[in-house]
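Working notes, beginning with the structure itself.
What follows is calculated from the coordinates using simple rules that are stated; it is not laboratory data. Note that the coordinates shown come from a computational prediction; the quantities given were computed from them, not determined experimentally. When we count neighbours, we look across all protein chains shown, and the Cβ atoms used for this are built from the backbone with ideal geometry, even at glycine.
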Amino acid sequence: MARSKPSDSSAPSGKPGRAPKDGGRGRSSGATASGAEPVKLNRKGKPKKQRLKKLGGNLRMIKQAYSLTRKNDPKLPWIMLIWFVAVAGVIELVGILFNSPFLFLPLAIVSGVLAAMVIFGRRAQGSAYRQVEGQPGAAAWVLEGMRGDWRVTSGVAGTQQLDAVHRVLGRPGIILVAEGSPARVRGLLAQEKKKVARVVGDTPIYDITVGDDEGQIPLRKLSAHVMKLPRNLSAAEVNALGRRMSALGGSRMPVPGGPLPGGKQMTVSQRQVRRR
C-alpha cells in the first residue's frame, strides 16, 4: 500500500516558481496602503515643492523687502509709480500711433510693472548698502552675497579695532579684501599676501581696500569690481586650489554675521535683495 504525502495547510498554493502579483522588489504602481496619493519626487529624489507655496513664499519676501526699504526710503512708492506710468504710457502711445491701443495695453502694463520692479530692486540694494556702510563686517556681508562660485573666508586676519581682511577664492584667483583703517590694514594685507603666496604659487593674488578714498573701492561697488576681474583659472583649477588653500585654515577672528544698525540680524528678504 502506497504511502500518502503529508498535506500542509500553511504551504502556498499555486504553481511553483511564480511570485505573487503585488509582491517582490518591484515598484508599487499605485497609491500607498493607506490609500493616500504617492508623493512626486524630483530628479534629486526629494519631494517636489508645490508651485503655489513657492510663489507665496516669494511674494512674502518681496513684501517684507518692500516694507523694510520703504522705512528708509519714503519716496519709493512714488518713484515706482512714476516709472510705471512713464514706461506704460510710452508703449501705449506707440500703440495709439499704430491704431492698436487695446492690442498694446497688456504689453504696456507688463512693461510698466517690470520697470517698477527694477527700480525697486536697485533702491532696495542701495538702502541695504547705506545701512551697513562703515560697520564692521560690511565687506564680508557683500562678498558672501555675490552670485557664482565665490568661496569667501571672512576674517582671516584682523585687529582689535575690528579691521579685517577677507579671503576670496574664485576664477580670477585669490582676492584679499581689507576693510578698516588704511594705515592698519596695509600691514595685514602684506602679511596675508605673503602667507597665501607660499601656498598658491603663481596663482594671481589681488588685494582690495574698501573705502571712499583714492585707490580704494566703495562698498557699493565692491561686488561689481570683484566680478569684473579677469578669469584666470578654470573650474577644475579652482577646486584644486581650494583643497590646497584648506591648509591655511578658516577665520581667525569673529566677524559680525549681519552688520545692521542696532545689532539686528539680517532677514531673509535682505539676503535676497543683496543678491540682485
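Couple of notes before you dig in:
- Contact order normalised by residue count of region 99-184, Cα under 8 Å, 6+ apart, percent: 18
- Region 51-132: C-alpha gyration tensor shape, a/c 1.5 cut-off, then a/b vs b/c: oblate
- Karplus-derived HN-Hα couplings along region 76-91 (A = 6.51, B = -1.76, C = 1.60, θ = phi - 60°), whole Hz, x at Gly and Pro: 4, x, 5, 5, 5, 5, 4, 5, 4, 5, 5, 5, 5, x, 5, 5
- Take each peptide in 136-143, 114-121, 160-167, count the other Cβ atoms within 10 Å of every residue, and average; sorted highest first, the result is 136-143, 160-167, 114-121.
- Its residue count N fixes a reference of 2.2 N^0.38 Å for region 194-239, and the Cα radius of gyration divided by that reference is 1.39.
- For region 131-184, the gyration tensor built on C-alpha atoms gives an oblate shape. Its axis ratio a/c (a ≥ b ≥ c) is at least 1.5, and a/b is not larger than b/c.
- By other beta-carbon atoms within 10 Å, ranking L52, L169, L93 with the fewest at the front produces L52, L93, L169.
- Using a cutoff of 8 angstrom between alpha carbon atoms and counting only pairs six or more residues apart, the relative contact order for region 138-255 works out to 30 percent.
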